[in-house]
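**Q** Here you go, one structure.
Laboratory data are not the source of any read-out in this text; all were calculated from the coordinates shown. Just so it is clear, the model here is predicted, and its values are computed rather than measured. Every residue, glycine as well, gets a Cβ built from its backbone with ideal geometry; the counts of neighbours run over all protein chains shown.
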Amino acid sequence: MRITTLQRKTNETDIKLTINLDGSGQAKINTGCGFFDHMLELFAHHSGFDLEISCVGDTHVDDHHTVEDVAIVLGKAVDALLGDRRGIARYGSIFIAMDEALALTAVDIGGRSTLNFDLPIPAAKIGDFDSELVKEFFAAFARALPCSLHIKGFCGENSHHIAEAAFKAFARAMKSAVALEGDPDKIPSSKGSLS
């Protein structure tokens, strides 16, 4: 089983995260940010990763540090579990519909950090959550893994639906990319290395 626990403490956040890439989508999330917890629960469910996250952050300032730092720890945890990327599919992509919203996510866990984010979210806030933090989450994750991550929204009016479509698509793309396939000793690169 590919499972690990990471802890990270700064002056802004105190995070403990456990992830099992070969789980069943169980989630126990408490970041102090309700909408963000909801998105992470959806991510766990649709990726099939078991995910436990506790975070005490400076949410009296705003949710920015909590969202960014959780993404960093999540990316570093996945990176630690994948090692030299031997035996994984490497790529994943999917379109996800959430009511009137439609989003595409494509990921390449190829060792290079890139975020291409074209997901218009009409409302500045979703409940108490700053909509701009959706992009901050994905940017921090892509840097920490590292991976090339493309997220594009094709339609949608409801900001909650748009964000949810993106997180669900992210989950399914990651599920595909980390899947074990073929030769377990093969690095999925013609160069023979993804470091």
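**Q** Scan the range 102-132 for residues that are over 11 Å from residue 153 (Cβ atoms) and either free of Cβ contacts under 8 Å to residues at least 60 places away in the same chain or surrounded by 22 or more Cβ atoms within 10 Å (Cβ to Cβ) (or both) and report the count.
**A** Residues flagged as over 11 Å from residue 153 (Cβ atoms) and either free of Cβ contacts under 8 Å to residues at least 60 places away in the same chain or surrounded by 22 or more Cβ atoms within 10 Å (Cβ to Cβ) (or both) within the range 102-132 amount to 14.
**Q** Can you go through 87, 57 and tell me which one is without any contact (Cβ under 8 Å) to a residue 60 or more places away in the chain, more than 12 Å from the chain's Cα centre (by Cα) and crowded, with 18+ Cβ neighbours inside 10 Å?
**A** None of the other options fit; the residue is 57.
**Q** Also, I was wondering about something else. Sort through 17, 42, 51, 74 and tell me the only one that's touching a residue at least 60 places away in the same chain (Cβ under 8 Å), crowded, with 18+ Cβ neighbours inside 10 Å and assigned to a strand (DSSP E or B).
**A** Numbers: 42 fails: assigned to a strand (DSSP E or B); 51 fails: touching a residue at least 60 places away in the same chain (Cβ under 8 Å); 74 fails: assigned to a strand (DSSP E or B).
Going through 17, 42, 51, 74 in turn, just one is touching a residue at least 60 places away in the same chain (Cβ under 8 Å), crowded, with 18+ Cβ neighbours inside 10 Å and assigned to a strand (DSSP E or B): 17.
**Q** Within the bounds of the range 110-120, is there any residue that is acidic (Asp, Glu), out of contact with any His (no Cβ under 6 Å at 6 or more places or on another chain) and within 24 Å of residue 18 (Cα to Cα)?
**A** The answer is no, given that none of the residues of the range 110-120 is acidic (Asp, Glu), out of contact with any His (no Cβ under 6 Å at 6 or more places or on another chain) and within 24 Å of residue 18 (Cα to Cα).
**Q** Are any residues in the range 37-73 of a type in the set (Phe, Trp, Tyr) and farther than 19 Å from residue 7 by Cα, and if so, which ones?
**A** The answer is 43, and nothing else.
**Q** Against the definition (over 20 Å from residue 38 (Cβ atoms) and either among the hydrophobic types (A, V, I, L, M, F, W, C) or in contact with a strand residue (DSSP E or B) (Cβ under 9 Å, 6 or more places away or on another chain) (or both)), how does residue 85 come out, yes or no?
**A** Criteria not met by residue 85.
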